[in-house]
Amino acid sequence: MASRLPLRVYFDLLSQPSRAVLIFLRRTGIPHVEKPVALRKGEQRSPEFTKLNPNQKVPVIVDNGFVLTESVAILKYLATKYDIPQFWYPVDSMQRAKVDEYMAWQHATVRYHASKVFILEVWTKKSF
Ligand SMILES: N[C@@H](CCC(=O)N[C@@H](CS)C(=O)NCC(=O)O)C(=O)O
């Protein structure tokens, strides 16, 4: 049997899409190795990380050599590839469509506005 490398996740806890992926991995119990990338130190611009994601953004996963970026794509990939409880991403097409609807909606609404607050109130004041 071919050996399988553990799934690696690159993230920064300051990043909301990173937290979404990390919480999902931890809560579902999907085996993974956590690889922090310190955005405040510019680690996303290192040559090694840029090879994984030329856009220099977290999160990124590497699943047995398969590299995937974009939190929503990652969440859907993990939910369909791994054997996890149905409620996360139901097979029923209408229930699944409601999950997809939220994930499509949140980028330009909740996340967009929350990230503006974060940048103005936390990042620019460097209070961490
Ligand atoms: N659409 C992407 C957004 C990824 C993203 O914007 N990540 C930010 C942190 S929230 C980042 O890595 N920024 C680093 C940079 O721009 O230098 C996703 O959902 O994964």
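The values are calculated or read from the model by the stated rules, or taken from the named source; none is laboratory data. Remember, predicted model here, so these are calculated numbers, not experimental data. We place every Cβ from the backbone using ideal geometry, glycine too, and count neighbours over all the protein chains shown. Areas reflect the complete protein model, heavy atoms only, side chains present, ligands, DNA and RNA absent. Shrake-Rupley method; radii C 1.70, N 1.55, O 1.52, S 1.80 Å.
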Open item on the list: I need a count of the residues in the range 60-93 that are near the ligand (Cβ under 8 Å from one of its atoms) and open to solvent by 90 Å² or more (accessible area, probe 1.4 Å).
Closed with: 1
TODO: Name every residue in the range 1-13 that is open to solvent by 50 Å² or more (accessible area, probe 1.4 Å) and either within 16 Å of residue 74 (Cα to Cα) or within 12 Å of the ligand (Cβ to nearest atom) (or both), in order of residue number.
DONE: 6, 8, 13
Open item on the list: Looking for something within 10 Å of the ligand (Cβ to nearest atom) and either more than 21 Å from residue 107 (Cα to Cα) or polar (S, T, N, Q) (or both) - is there at least one such residue anywhere in the range 23-33?
Closed with: no
Task: Qualifying residue in the range 13-31 (condition: assigned to a loop (DSSP other than H, G, I, E, B), within 29 Å of residue 124 (Cα to Cα) and in contact (Cβ under 8 Å) with a residue 40 or more places away in the chain) - done: yes
- [ ] State whether the residues of the range 69-76 include one that is free of Cβ contacts under 8 Å to residues at least 40 places away in the same chain, in contact with a strand residue (DSSP E or B) (Cβ under 7 Å, 6 or more places away or on another chain) and not hydroxyl-bearing (Ser, Thr, Tyr).
- [x] no
TODO: Pull up the range 43-59, narrow it to residues that are in contact with a strand residue (DSSP E or B) (Cβ under 8 Å, 6 or more places away or on another chain) and under 26 Å from residue 106 (Cα atoms), then point me to the one that is most open to solvent (accessible area, probe 1.4 Å).
DONE: 57
Task: Subset of the range 20-42 that is open to solvent by 90 Å² or more (accessible area, probe 1.4 Å) and more than 17 Å from residue 62 (Cβ to Cβ) - its residue that is nearest to the chain's Cα centre (by Cα) - done: 23
